[in-house]
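The values are calculated or read from the model by the stated rules, or taken from the named source; none is laboratory data. For clarity, every value in this text was computed on a predicted model and none was experimentally measured. Don't worry about glycine lacking a Cβ; one is built from the backbone with ideal geometry, like all the others, and counts go over all protein chains shown. The area values use the complete protein model at the heavy-atom level, side chains included, leaving out ligands, DNA and RNA. Shrake-Rupley method; radii C 1.70, N 1.55, O 1.52, S 1.80 Å.
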Amino acid sequence: MAPGDIPVARPVFSPFLQTEDGTDAGAVLLTSLTPEQIWTRGAVAQPRESPPGVPVPFEPAADPSLATLTPARAKGTDIAITGTDIHTVWTTNTGVWYGLGPSFEIGVVQKTPEAGAPSIAVDGSGAPMVAYTVGGPRPEVRVAEQSAKGWRITPVTSLSACGEGCPPATFLALLGDEPLVVVADPLSGDLIAAHRRGGTWATEVVASDVTGGASLATSGDTAAISFFTASGVAVATGGPGSWSIEEVAPVANAAGAASTDAVQTPPGTGAAVDGQGTIWVAWEDGEGIHLASGAEGKIQQIETPDTGGGVSPTVAVTEDGASVYLAWYAPEEGDLRLGTYAELPDLKIGVPSPAPKVVTAPGGVTCGKDKKPVLSIVAQGTAFDPTCLVAPAGTPFTIDFDNKDPVATVGPHNIVVAKDEASTSTNPIFRGELVSGPDTVEYKVPAIDAAGSYFFHCEVHPSMTGTLAVISG
């Protein structure tokens, strides 16, 4: 650092984006949101092992090949959740990779520098399958299925000769109990769907004159495929052999794209379908991100404020259709954003989830009134129990701390004590070591001479707060 520079603190338990010798590298990042609106940001894979005592959420695997990852070599990621298992897939210049977590173990599906953005689904037995397209004179769409002996790779169909935008992104979902694969051929303009029945793959052209931006979603026996045409954004609904195509909206400028480090990202759409058959379509244009929904033939646009300039939208909906989630990238700010659309007060789509608000812990007024010591506390579900601790003034004391939250899914917890909330970062009285759960620890706290009410929280999850009452006598 140059003289006078102020060092930037490394965020607690953030993934490593450098090799052990300090060389800049890439990582496969992962984030999740709790019902309490707290983000856990970690990784699937990073270019080095985490140092002892420095946990990273989801316990990422170390992959030295990520040392060569650049924006131009990052082709795409996808994720599928089954129970507590997190299935991930990504494509780089070294091939198609798969990771299973938390406490990730990773492996290569196929080594190839020519694979496009992948997609992943998990069948009823819990076995993952991955779809991707490999470039070449005749680009080939492939499906890889995991077995006890490794990955079984099946060519599904071929595309026209590779041109601009090749190899394209490939999309995979289960239609009923069988896989459905969708890809837009960038040269011929055909939207191709391949469906497996009884071990045999059948291919059909769903639509022609498609300009890209395809996306796929299924629910039961209904599929929805969104895509761009020369005039706007459209959606195909139905299933193999029976597709209905509807234009959703004209597009102001489908050629707009995000550009970072000289990497041009093609415009994209997103599709979702709920258990009642309601279709949701998201897309980008020169104005930002848009969203529309409705039954077949009755799709109408929904207002999406605060999404101007956004690109790369994806959309998901709960099975009952009560909540819709829209994610996109804001290139000007460099932010990945999430908006929620639901019938709830004071909640509108396009507004990023706010930082958790820190409030005075329940019981702050009565905490310590009975003067009985309370020095055992549990951290679970990103909350403290109890939120009131009581200790004697002028005497060192011990807090029995029990962190029941697994570090792989929530991250570590600790206790920081200060006179008030503002002092936790500038002038803490006590800062406990981070505890990677599930685990217990005894915090040895030095004597606090002045009786009164003190504030404590977890520095990793600031919404976890409480009151420490220091009592004389």
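Among the residues making up the range 199-255, those that are crowded, with 17+ Cβ neighbours inside 10 Å, more than 16 Å from G277 (Cα to Cα) and touching a Leu at 6+ places or on another chain (Cβ under 8 Å) are V206, A207, V210, A214, F227, P240. It is to be established whether one or more residues within the range 1-24 are closer than 25 Å to P313 by Cα and open to solvent by less than 20 Å² (accessible area, probe 1.4 Å). Taking every residue of the range 1-24 in turn, none turns out to be closer than 25 Å to P313 by Cα and open to solvent by less than 20 Å² (accessible area, probe 1.4 Å).
Of the residues D449, D400, D420, which is part of a strand (DSSP E or B), more than 30 Å from P60 (Cβ to Cβ), out of contact with any helix residue (DSSP H, G or I) (no Cβ under 6 Å at 6 or more places or on another chain) and open to solvent by 50 Å² or more (accessible area, probe 1.4 Å)? Don't jump to the end; show me each part of the working.
Details: D449 fails: part of a strand (DSSP E or B); D420 fails: part of a strand (DSSP E or B).
Criteria check complete, one pass: D400.
Of the residues F430, F384, which single one is open to solvent by less than 30 Å² (accessible area, probe 1.4 Å) and more than 30 Å from the chain's Cα centre (by Cα)?
Working: F384 fails: more than 30 Å from the chain's Cα centre (by Cα).
Residue meeting the stated conditions: F430.
When you scan the range 272-311, how many residues do you find that are open to solvent by 50 Å² or more (accessible area, probe 1.4 Å) and either touching a helix residue (DSSP H, G or I) at 6+ places or on another chain (Cβ under 7 Å) or part of a strand (DSSP E or B) (or both)? The qualifying residues number 2.
Here is the figure for the range 61-103: residues that are at pLDDT below 95 and either outside any strand (DSSP E or B) or of a type in the set (F, W, Y) (or both) total 19.
If you check A117 against the conditions, is it assigned to a strand (DSSP E or B), surrounded by 14 or more Cβ atoms within 10 Å (Cβ to Cβ) and of a type in the set (G, A, S)? No; evaluated as a whole, the condition is false for this residue. In this structure, does G411 turn out to be under 24 Å from P60 (Cα atoms), surrounded by fewer than 19 Cβ atoms within 10 Å (Cβ to Cβ) and out of contact with any Asp or Glu (no Cβ under 6 Å at 6 or more places or on another chain)? Here the answer is no, as G411 does not meet what is asked. If you check T465 against the conditions, is it surrounded by 13 or more Cβ atoms within 10 Å (Cβ to Cβ), farther than 25 Å from S103 by Cα and of a type in the set (S, T, Y)? It is true that T465 is surrounded by 13 or more Cβ atoms within 10 Å (Cβ to Cβ), farther than 25 Å from S103 by Cα and of a type in the set (S, T, Y). Of the numbered criteria (1) touching a Pro at 6+ places or on another chain (Cβ under 9 Å); (2) in contact (Cβ under 8 Å) with a residue 60 or more places away in the chain; (3) not acidic (D, E), the one R142 fails is (2). Of the residues that make up the range 422-443, is at least one more than 28 Å from T40 (Cα to Cα) and of a type in the set (S, T, N, Q)? Scanning the range 422-443 turns up no residue that is more than 28 Å from T40 (Cα to Cα) and of a type in the set (S, T, N, Q).
Taking the range 383-430 on its own, how many of its residues are under 29 Å from S50 (Cα atoms) and hydroxyl-bearing (S, T, Y)? Adding up the residues that qualify gives 4.
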